[in-house]
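The values are calculated or read from the model by the stated rules, or taken from the named source; none is laboratory data. Keep in mind that this is a model prediction, so the values were computed, not measured. So basically every Cβ, Gly included, is an ideal-geometry build from the backbone, and we count neighbours across all protein chains shown.
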Amino acid sequence: MSTEEHPIQIPNSTARPLELTDDFSPGETNFIKVDNFKFFYGKKEALHGINLEIPSRRVISFIGPSGCGKSTLLRNFNRMNELIPGVRHEGDITIHGTSIFDPSVEVIALRRRIGMVFQKSNPFPMSIYENIVYPLRIAGQGDRSVHDETVERCLCSAALWDEVKDRLHDSALGLSGGQMQRLCIARAIASSPEILLMDEPCSALDPIATAKVEELIIELKKDFTIVIVTHNMQQASRVSELTAFFYLGNLVEFDETRKIFTNPSKLQTEEYITGRFG
Amino acid sequence: MHTEPSRPHTLSDFTTALDKLRGSVLTMASLTKKNLQNAIQGLFERDDDFCNHSIADDEEIDLLEIQIDREGIEVMSRFQPVAKDLREVISSIKIGANIERVADQAVNIARRARKLNEHPELPELHLLDPVIKLSLEMFEDAIRSFAERNASLAVELKARDKSLDRLNKEVTDELINRMQDDSTNLPAYLNMIFISRCLERIGDHSANIAEDVVFAVRAEDIRHLGK
């Protein structure tokens, strides 16, 4: 794949949105394929030739000490890293066989297909209702009935409907931290993405709010492929079926979560998950 | 499965708690070995005092089993260990339970020995010698495999358990023959059969301990293989 820098692409009418939904089958083993992927911040190589195949409709945890490259890889899946000046990559990432770096891929459309939830909840300073319909509005969907249906469906999926159905037009900023994060998840799935990227989604939440989000993650995997970056080993073992351990920009081990947390193959993995370094 | 040694835990409290748990298991094993030796000594020296010591000291071992469970649960709840640390905690708790059962067998032997001591000594008592030797060796080696994290030694114990089963059967068959020839000493022969059975059970518990050591060290479950 290209070794040149990728500036942010401005959507244009000729660019082809990445089609992910048409013919991919549930359980596809290499839904997301990372192929000898290197990533550079200026001259610093942050990822050293990562190879990884992520199946569809599973929860995959990325774990590793700070600076290991897990968030860098996650942010490449929706090309968010391209917002940083001076970055470049080598190798390729494909989703359902299509390179996300293909010049024909429209980056905004790509991000509509790949929802993202961040460490700190970031509801827009508008009503709960408007937070959910915002992605629809920018996609040109103005039908009120579609808005209503999407708000209810997404809030139900995010296990938030019962808590907010009577105050949909109140400010989202009045919600609790846990509710705000679930609202952000609801907003992330409003555009019907195939993939949900979560970058430490529970690190600012209390244990009950964390449990609700984790329950939600497990529920959402029926419809989405979820990649979650977490520093919480217990969270990784609770919610994910597959776990990838990164260290110093390398993928050290990728296996079933059950195997990683009971009998990892690599000493570095064992030392990290048992708290001997990191 | 990697075999390289790993570095100490970042949290020294965790290392201390794991070491304490391990120490409790080894203390319990040491006391149990002493109780077994007392029971055997009471049997061959026809000395009820040794038997009484073995029976009385079992209470301390019971308390240690409870302590090991408590320490294991505390390590799990405080530190949420995973991988080899989790296996070590689980294995320690299970090994504690098996050691407690070995100690119970020591009590059973001591009680049977006191009954035998009420009557004149019978030469058939020495039929038990090879069973005693092998069962004690097995228990010692099971504990050594835990102390040294020696999975190879633990695997080898499984084979020795079959030898012990065979020895127990030979001794039992021989004693049944004697019972048919000499019905006046029937209760004594029966007590010897029970003691042989206790020793065979000690071999079973030692094999169980060995299985837990293999699980802790190699993450392999070798239970119920070949059955």
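Conditions tested, residue by residue: (1) modelled with pLDDT under 95; (2) assigned to a helix (DSSP H, G or I); (3) within 14 Å of residue A:64 (Cβ to Cβ).
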{"site": "A:203", "(1), (2), (3)": "yes, no, no"}
{"site": "A:208", "(1), (2), (3)": "yes, yes, no"}
{"site": "A:212", "(1), (2), (3)": "yes, yes, no"}
{"site": "A:218", "(1), (2), (3)": "yes, yes, no"}
{"site": "A:222", "(1), (2), (3)": "yes, no, no"}
{"site": "A:227", "(1), (2), (3)": "no, no, yes"}
{"site": "A:234", "(1), (2), (3)": "yes, yes, no"}
{"site": "A:243", "(1), (2), (3)": "no, no, yes"}
- Note on the structure: How many residues of the stretch A:229-252 are touching a helix residue (DSSP H, G or I) at 6+ places or on another chain (Cβ under 7 Å), away from every other protein chain (no Cβ under 12 Å) and crowded, with 19+ Cβ neighbours inside 10 Å? The answer is 7
- Task: Consider residue B:212 carefully, then state whether it is assigned to a helix (DSSP H, G or I), at pLDDT 95 or above, over 20 Å from residue B:40 (Cβ atoms) and touching a helix residue (DSSP H, G or I) at 6+ places or on another chain (Cβ under 9 Å).
- Result: yes
- Task: Considering only the stretch B:63-89, state which residues are under 19 Å from the mean Cα position of the chain (by Cα) and in contact (Cβ under 8 Å) with a residue 40 or more places away in the chain.
- Result: B:64, B:67, B:68, B:88, B:89
- Would you be able to say whether some residue in the stretch A:28-39 is in contact (Cβ under 8 Å) with a residue 24 or more places away in the chain, assigned to a loop (DSSP other than H, G, I, E, B), crowded, with 22+ Cβ neighbours inside 10 Å and of a type in the set (Phe, Trp, Tyr)? yes
- Query: Counting residues that are within 14 Å of chain A (Cβ to nearest Cβ), which helices (runs of 4 or more DSSP H) fully inside the stretch B:26-144 reach at least 1?
  - Reply: B:58-79, B:83-117
- Quick one: in the stretch A:253-271, which of the residues that are more than 10 Å from every other protein chain (Cβ to nearest Cβ) and under 14 Å from residue B:83 (Cβ atoms) is farthest from the chain's Cα centre (by Cα)? A:258
- Condition met for residue B:192 (over 15 Å from the mean Cα position of the chain (by Cα) and either modelled with pLDDT of 95 or more or not charged (D, E, K, R) (or both)): yes
- Task: Could you tell me which numbered condition residue A:265 fails, if it satisfies all but one of (1) surrounded by fewer than 19 Cβ atoms within 10 Å (Cβ to Cβ); (2) closer than 21 Å to residue A:45 by Cα; (3) not charged (D, E, K, R)?
- Result: (2)
- Please tell me if residue A:127 is under 29 Å from residue A:174 (Cα atoms) and in contact with a Gly (Cβ under 8 Å, 6 or more places away or on another chain). no
